[in-house]
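J.: Structure in structure tokens, see below.
The values are calculated or read from the model by the stated rules, or taken from the named source; none is laboratory data. Nothing here was measured: the structure is a model prediction, and the numbers come from that model. With ideal geometry, Cβ positions are generated from the backbone for all residues, glycine too; neighbour counts draw on all protein chains shown. Accessible surface is based on the protein model in full, side chains and every heavy atom, while ligands, DNA and RNA are left aside. Shrake-Rupley method; radii C 1.70, N 1.55, O 1.52, S 1.80 Å.
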Amino acid sequence: MADVEIMQTVQTEVKKTKKVKKSTSSKRRESEIQISEVEVDASIEERGGEYTKAMDKDWHSGHFCCWQCDESLTGQRYVIRDDHPYCIKCYENVFANTCEECNKIIGIDSKDLSYKDKHWHEACFLCFKCHLSLVDKQFGAKADKIYCGNCYDSQFASRCDGCGEVFRAGTKKMEYKTRQWHENCFCCCVCKTAIGTKSFIPREQEIYCAGCYEEKFATRCIKCNKVITSGGVTYKNEPWHRECFTCTHCNITLAGQRFTSRDEKPYCAECFGELFAKRCTACVKPITGIGGTRFISFEDRHWHHDCFVCASCKASLVGRGFITDGPDILCPDCAKQKLM
């Protein structure tokens with residue numbers, strides 16, 4: 001409610017008075033009262049009369065009346081609004097606010113508490129939930145309702161995903177995607193170190209510092225057990241550093257090289273041939289089979305595909321009949337000539 005001035009008129013008897021005219025056309029527009037000064041009525045001056053002193057002016061008692069209902073204000077309390085006098089009843093009907101809580105007029109003798117174009121009696125300014133008086137207390141508003149601080153927090157305030165407590169005014173809030181934490185609650189779930197502005201890794205609703213995440217989840221080399229930060233080799237569904245994936249026998253790196261395995265262990269081609277491969281009867285070199293090399297076996301002897309030739313004419317015996325002559329093999333023609 002706007003500040004108003006409540007006045008009481010005083011009636012006084014004098015020897016000399018003035019007549020006042022009021023412009024009725026300006027009354028509904030709430031304009032200023034037009035006051036005109038006229039000649040003094042001699043008969044009134046001679047016999048004296050009563051006048052009302054109000055609003056720093058002198059009025060005939062019958063002329064000082066309510067701007068709304070024209071009832072005399074002489075001897076009555078009245079309210080001045082926009083330089084016009086109103087009786088208490090008219091002022092409250094026209095200008096007073098309605099209380100949001102009890103829906104009654106907030107009269108001039110009541111304290112009007114307002115918030116965002118809404119008004120309450122002092123006794124009606126209560127928390128919607130617990131009905132605690134909110135006079136001179138902090139409060140919050142939601143959906144046209146007002147709440148004390150505690151009720152507002154319990155109903156509507158956002159809560160920390162770490163401790164579950166509400167964020168009080170002035171509290172620093174750490175946010176990531178749709179989640180939020182108090183600054184002290186935003187910490188690694190393993191070592192409890194505050195993350196602050198450091199890097200972190202989220203995993204299944206938990207937050208990890210880089211060190212703890214690597215310790216718990218990062219891929220580790222099967223050989224040295226250290227974290228593989230980049231690159232790496234997978235062999236038998238197990239991770240290796242490139243530099244750790246070496247020949248079991250000579251330790252030469254196998255990354256990007258041809259290799260084979262024996263007893264689940266990797267070997268370079270040379271070491272595998274030297275250690276495990278059959279040897280060609282002709283050239284005595286290992287028959288590794290790497291790269292699709294074909295070989296021929298007969299009894300307990302083995303030959304490279306290209307080494308399986310007639311000992312006499314050097315013709316390939318692959319797919320042909322042959323005759324053994326001690327350590328040698330001969331084509332049929334050379335065998336006949338040798339027997340003749």
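J.: Let's test the formula: R0 of 35 Å, r as the Cβ-Cβ distance of GLU274 and ARG294. What FRET efficiency results, to the nearest 0.05? List each step's numbers first, then the result.
T.: Values: r = 20 Å, r/R0 = 0.58.
My answer for the efficiency is 0.95.
J.: Sticking with this one: Can you work out the accessible area per residue across segment 231-271, with the rest of the protein chains kept in place, probe 1.4 Å, in square angstrom? List each step's numbers first, then the result.
T.: Working: 2700 Å² over 41 residues.
Using a 1.4 Å probe on heavy atoms only, each residue of segment 231-271 averages 66 Å².
J.: Rank these by accessible area, largest first, 1.4 Å probe: VAL79, VAL309, VAL190.
T.: Details: VAL79 0, VAL309 40, VAL190 80 Å².
My answer, sorted largest first, is VAL190, VAL309, VAL79.
J.: Out of segment 129-215, which trypsin sites (Lys or Arg not before Pro) are coil in DSSP terms and have no more than 12 other C-beta atoms within 10 Å? Walk me through the numbers before you get to the answer.
T.: Numbers: sites: LYS129, LYS137, LYS142, LYS145, ARG159, ARG168, LYS172, LYS173, LYS177, ARG179, LYS192, LYS198, ARG203; in loops: LYS129, LYS137, ARG168, LYS172, LYS177, LYS192, LYS198.
Passing both the DSSP loop test and the Cβ count: LYS137, ARG168, LYS172, LYS177, LYS192, LYS198.
J.: Still on this structure: Would you please state the base-10 log of I(q)/I(0) at q = 0.14, 0.24, 0.25, 0.26 1/Å for segment 231-271, with intensities from the Debye formula using one equal scatterer on every alpha carbon?
T.: -0.25, -0.75, -0.81, -0.88
J.: Considering all projection directions equally, how large on average is the shadow of the alpha-carbon convex hull of segment 224-313, in square nanometres? Kindly include the intermediate steps, with their values, before the conclusion.
T.: Working: hull surface 29.5 nm².
Over all viewing directions, segment 224-313 projects a mean Cα-hull area of 7.4 nm².
J.: Starting from a Cα-only point model with no solvent, please compute log10 I(q)/I(0) by Debye for segment 162-304 at q = 0.11, 0.12, 0.19, 0.20 1/Å.
T.: Results for segment 162-304 at q = 0.11, 0.12, 0.19, 0.20 Å⁻¹ read -0.63, -0.68, -1.06, -1.11.
J.: Now a separate question. Can you figure out the FRET efficiency of GLU165 with LYS192, using R₀ = 22 Å and their beta-carbon distance, to the nearest 0.05? Show your work: numbers first, answer last.
T.: On the way: r = 17 Å, r/R0 = 0.78.
E(calc), rounded to 0.05, equals 0.80.
J.: Could you list the square roots of 5 times each eigenvalue of the Cα gyration tensor of segment 169-214, that is, the equivalent ellipsoid semi-axes, sorted largest first and rounded to whole Å?
T.: In descending order the semi-axes read 19, 11, 8 Å.
J.: So which of LYS116/LYS145; LYS145/LYS173; LYS89/LYS116; LYS111/LYS137 end up more than 22 Å apart, counting from Cα to Cα? Let's see the in-between values first.
T.: Working: LYS116/LYS145 11 Å; LYS145/LYS173 26 Å; LYS89/LYS116 26 Å; LYS111/LYS137 16 Å.
In this structure, LYS145/LYS173; LYS89/LYS116 lie more than 22 Å apart at Cα.
J.: I would also like to ask the following. What distance in nm separates the simple spin-label points at ASN225 and LYS285, each placed 7 Å from Cα in the Cβ direction?
T.: 4.3
J.: Further question on the same structure: With no solvent and one equal point scatterer placed on each C-alpha of segment 108-242, evaluate the Debye formula and give log10 I(q)/I(0) for q = 0.08, 0.10, 0.21 Å⁻¹, two decimals.
T.: -0.44, -0.57, -1.13
J.: Compute the accessible area per residue over segment 169-214, keeping the other protein chains in place, probe 1.4 Å, unit Å².
T.: Working: 3150 Å² over 46 residues.
Result: 69 Å² of accessible area for each residue.
J.: So, one more: Spin-label point model (7 Å from Cα, Cβ direction): what's the ASP306 to GLU215 distance in nm?
T.: 5.8
J.: Separation between the ASP82 and ASP109 pseudo-spin-labels, each 7 Å from Cα along Cα→Cβ, expressed in nm?
T.: Result: 2.7 nm between the two label points.
J.: So the label point goes 7 Å from the Cα of LYS137 along Cα→C-beta, right? Which residues of segment 99-129 then have their backbone N under 12 Å from it?
T.: The answer is 125-129.
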